[in-house]
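Data first, discussion second: the structure below is written as structure tokens.
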Amino acid sequence: MELLTSLTVNKPVVIFSKSTCSMTQTVKALIKSFGANPIVIQIDRMPLGQPVERALIQIGCKPSVPAVFIGQQFIGGTDELISLNVQNRLSELLINASAIFMWNG
């Protein structure tokens, strides 16, 4: 878990992915539609990719990617993110993580 924490600290939105994961584009597009700019970490292209993937599986990612962290909190994968959006809760998470800002002008 320390490895995941070190990769997500001080980053409002992090998506762990693999270069072959097509669902990452869907997740990334959904988050960007709110105005957030997620960091995408492709674990199959990094030296510590296997330990990162094992850590993701240990926290409940099945499949291991895409895995979304908002405000250093593990949110889940594609299904969980879409569910949060349908429930109108995704924007609140992004605001609380300072990934996006609300302005009443």
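All of the numbers you see were taken from the coordinates with simple rules; none came from a lab. Computed from a predicted structure; not experimentally measured. So basically every Cβ, Gly included, is an ideal-geometry build from the backbone, and we count neighbours across all protein chains shown.
Before moving on, here are some points about what is shown:
- Taking a point 7 Å from the Cα of Ile82 along the Cα-to-Cβ direction, the residues of region 22-44 with backbone N closer than 14 Å to it are 22-31.
- Mean projected area of the convex hull spanned by the Cα atoms of the chain, taken over all viewing directions: 6.5 nm².
- Anisotropy class of region 1-45 from Cα gyration tensor, a/c 1.5 cut: oblate
- For the chain, the longest site-free run once chymotrypsin sites (Phe, Trp or Tyr not before Pro) in DSSP loop states with at most 10 other Cβ atoms within 10 Å are removed: 1-100
- Between Ser98 and Met46, the modelled label-to-label distance comes to 2.1 nm, taking each label 7 Å out from Cα in the direction of the beta carbon.
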